[in-house]
1. Once label points are set 7 Å from the Cα along Cα→Cβ at both VAL53 and LEU319, what is their separation, rounded to one decimal in nm?
2. Which semi-axis lengths, in whole Å and largest first, follow from the square roots of five times the eigenvalues of the Cα gyration tensor of region 63-105?
3. Report, in cubic angstrom per residue, the convex hull volume of the C-alpha atoms of region 239-320.
4. How high is the relative contact order of the chain, in percent, counting Cα pairs under 8 Å that sit 6 or more residues apart?
5. Given the options PRO85, PRO137, PRO112, state which has the largest fluctuation in a GNM of the chain using a 10 Å cut-off (strictly under) for Cα springs.
6. Scan the chain and report its longest stretch carrying no trypsin sites (Lys or Arg not before Pro) that are both in a DSSP loop and have at most 10 other Cβ atoms within 10 Å.
7. Rounded, prolate or oblate: pick one for region 150-288, where a ≥ b ≥ c are the square roots of the eigenvalues of its C-alpha gyration tensor, a/c under 1.5 means rounded, and failing that, prolate if a/b is larger than b/c, else oblate.
8. Taking each pair of different alpha-carbon atoms in region 153-234 once, compute 1/r for the pair, average those values, and report the inverse of that mean as the Kirkwood hydrodynamic radius in Å to one decimal.
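All of the numbers you see were taken from the coordinates with simple rules; none came from a lab. Everything numeric here is computed off the predicted structure, so don't read it as measured data. For neighbour counting, all protein chains shown are included, and Cβ atoms are generated from backbone atoms with ideal geometry for every residue, glycine included.
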Amino acid sequence: MARKKIALIGAGNIGGTLAHLAAAKELGDVVLLDVAEGIPQGKALDLSQCGPVEGFDSAVTGSNDYAAIEGADVIIVTAGVARKPGMSRDDLLGINLKVMKAVGEGIKQYAPNAFVICITNPLDAMVWALREFSGLPHNMVVGMAGVLDSARFRTFLAQEFNVSVRDVTAFVLGGHGDTMVPVVEYSTVAGIPIPDLIEMGWSTKERIDAIVQRTRSGGGEIVGLLKTGSAFYAPATSAIEMAQAYLGNQKRLLPCAVNLNGEYGVDNLYVGVPVILGAGGVEKIVEIKLNDEAKANFQLSVDAVKELLVACKGIEPSLA
Ligand code: APR
């Protein structure tokens, strides 16, 4: 059987880490694509030389030409720029929107049957725009945020309870950013919900509230430490988990940014909700019951995403 093809658009910090993970796990042959000349080629050459040591046969190549992604099975998009000091949110939106246009058109031309995972920020708006520009079916274009946000929540909860991260499940809904909604009632240690653990004296509401807040600003905390970039290890591994769910038809239930069509009372908007990922891409959107507080927070999240889409449509009239 021919090997799968994994195309990574953007060969920066996340793109390079994705390439290493995809090759080491032998998800398929890996193509790195970037506008920067030499970067995807150089990283690909370096990574391919990991093969003999780590024992993988995946080919890793780099290119500046979209023809290289032809026939890709999975595409993970990290192309774009990060917000720099002095840059407004709309400036960033304008720049990355142009990048999504180029990427979407490249995907449409060379890999219209791919499963596409977008990571570029502002995530919920960029994944929506990428879907619009690519014209792919909605079930084949998703945004990676929830897996990362819940991984952050799980990490902090495991530290709080002094238990293995493997026994902590967590749920995070809504947009990626300050308005995300970590749902405490659906977060557990081996099935025991957090509110029960509070009653059992394992923690307090105040401490859990602080963890929720830390999760919401989890990306910013890392930017503050790194100073010259944003998180890349956990974002990359989170997207790889989603790619594996698709490639292996695993039917994983994962929080992803997907297009809602009436679910949760939202229409034609990408926002983070639990979904089943399998060979059909987004196979099912799972509507869980939310308490009033989570509902109100989810609505705030939805409103924030809506506002971004209005700004996108103002910048790029073809989206209106
Ligand atoms: N086409 C292809 N690649 C592009 C384009 C484009 N039009 N524009 C920029 N790039 C490339 C850059 O050359 C760079 O190599 O995208 C890459 C981005 O890499 P980094 O700056 O290292 O950013 P990274 O940390 O990988 O994050 C990428 O994910 O989490 C989000 O906010 C983050 O939007 C950012 C994205």
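1. Between VAL53 and LEU319, the simple spin-label model gives 4.1 nm.
2. On the way: eigenvalues 133, 18, 15 Å².
Output for region 63-105: semi-axes of 26, 9, 9 Å.
3. On the way: hull volume 9.0 nm³, N = 82.
Looking at region 239-320, the number lands at 110 Å³ per residue.
4. Numbers: 625 pairs, mean separation 50.0, N = 320.
Relative contact order comes out at 16 percent.
5. PRO85
6. Details: sites that count: LYS227, LYS289.
Free of exposed loop sites, the longest segment is 1-226.
7. On the way: a/c = 1.57, a/b = 1.30, b/c = 1.21.
It comes out prolate by the Cα gyration axes.
8. Details: mean 1/r = 0.0750 Å⁻¹.
One decimal place: 13.3 Å for the Kirkwood radius.
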